[in-house]
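Shown next, in structure tokens, is the structure this report addresses.
The values are calculated or read from the model by the stated rules, or taken from the named source; none is laboratory data. Treat the numbers as computed from the prediction; the structure is a model and nothing was measured. Positions of Cβ are generated from backbone atoms using ideal geometry, with glycine treated the same way; all protein chains shown enter the neighbour counts. In case anyone asks, the SASA skips ligands and DNA or RNA and just uses the protein heavy atoms, side chains included. Shrake-Rupley method; radii C 1.70, N 1.55, O 1.52, S 1.80 Å.
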Amino acid sequence: LQKFTFDYYMHGIVEESGEVFDAVRAARSTDASSFERDNVIAEIGDVLWYVTSFSMELGGSLSMPQTWPWVEKTIAEPEVLLLVAAARLSGRVKKSLRGDKKLEQFLPAMASYRDEILKLCPQVAANHGSTLEQCASVNVRKLGSRSERNTMYGDGDTR
């Protein structure tokens with residue numbers, strides 16, 4: 001894949017967190033299909049991909065947690081909190097790009113909000129009968145299929 005800067009991946013985190021929110025709302029409707037429920041899982045996988053890429057782009061200064069987060073207790077509407085955490089992470093990125101302080105000074109807050117996102121993803125997944133590992137696996141298969149078909153670029157899930 002093409003290499004991007006961490007701010008590109010930040011845009012992806014925000015966009016995909018919004019798509020998780022939309023997918024959850026669609027899956028909650030009384031006539032939701034299995035596709036709509038599966039879409040929640042796929043969107044969480046997208047968030048995981050962007051969070052991982054964001055962390056890798058910032059290098060050792062923002063290393064990924066060593067273990068998968070798990071659901072400690074059920075919370076209502078974790079998809080809303082996911083959006084809040086993404087927005088707060090985006091704020092730290094914005095201020096670092098603006099030059100308020102050196103990037104290194106923002107990294108602890110960035111790691112904290114990133115970790116909050118990672119703790120909320122398994123909660124959303126559990127609310128839809130899945131695990132974080134399953135979400136990541138779905139994303140890896142999707143990206144592998146797109147790579148094989150040379151459809152990595154473009155827009156939408158039908159590529």
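Counting only helices (runs of 4 or more DSSP H) that sit wholly inside the stretch 42-149, those with at least 3 residues that are more than 19 Å from V14 (Cβ to Cβ) are 103-127, 132-148.
Any residue at all in the stretch 64-77 that's at pLDDT 90 or above and of a type outside the set (S, T, N, Q)? There is at least one residue in the stretch 64-77 that is at pLDDT 90 or above and of a type outside the set (S, T, N, Q).
For the stretch 25-47: of the residues being aliphatic (A, V, I, L, M) and modelled with pLDDT under 95, which is surrounded by the most Cβ atoms within 10 Å (Cβ to Cβ)? The residue in question is V40. When the stretch 48-61 is filtered for residues that are surrounded by fewer than 17 Cβ atoms within 10 Å (Cβ to Cβ) and among the aliphatic types (A, V, I, L, M), only M56 remains. Would you be able to tell me the number of residues in the stretch 106-122 that are charged (D, E, K, R) and within 14 Å of E77 (Cα to Cα)? The total comes to 1. If you take the residues of the stretch 63-117 that are open to solvent by 20 Å² or more (accessible area, probe 1.4 Å) and touching an Asp or Glu at 6+ places or on another chain (Cβ under 7 Å), which of them is farthest from L132 (Cα to Cα)? It comes out as L97.
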